[in-house]
1. If you scan the range 1-13, which residues turn out to be open to solvent by less than 80 Å² (accessible area, probe 1.4 Å), farther than 14 Å from Y47 by Cβ and not in a helix (DSSP H, G or I)?
2. If only one of I74, I51 is modelled with pLDDT of 95 or more and either closer than 15 Å to Q5 by Cβ or in a loop (DSSP other than H, G, I, E, B) (or both), which one is it?
Amino acid sequence: MHPEQIKAAMRMAGKTPAMAADDLKVAGSTVSQVISGRAKSARIQAYIAKIIKQPIDKIWPPSDRPVLRRTKAIKRKTI
């Protein structure tokens, strides 16, 4: 689902992302990142899925894209 659809479904169920953050005792930005798919949290995803009565896989379908991770740049000495 698109993040705006998730937020709309939450509002229709009587919860806002800010209310979910308060309930879960996490930062609002954390909930927003999970909703947008930039971060993953099984606990937050399960809570949102329960609110909007949809399976997690329907809200955030598994992606075939590889997960890219940042790594620290290695400084090399020049001789």
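1. M1 - this is the single residue of the range 1-13 that is open to solvent by less than 80 Å² (accessible area, probe 1.4 Å), farther than 14 Å from Y47 by Cβ and not in a helix (DSSP H, G or I).
2. The unique qualifying residue is I51.
The values are calculated or read from the model by the stated rules, or taken from the named source; none is laboratory data. Remember, predicted model here, so these are calculated numbers, not experimental data. Quick reminder, even Gly has a Cβ in these numbers, built from the backbone with ideal geometry, and neighbours come from all protein chains shown. Note: accessible area is taken over every heavy atom of the protein model, side chains too, but ligands, DNA and RNA are not part of it. Shrake-Rupley method; radii C 1.70, N 1.55, O 1.52, S 1.80 Å.
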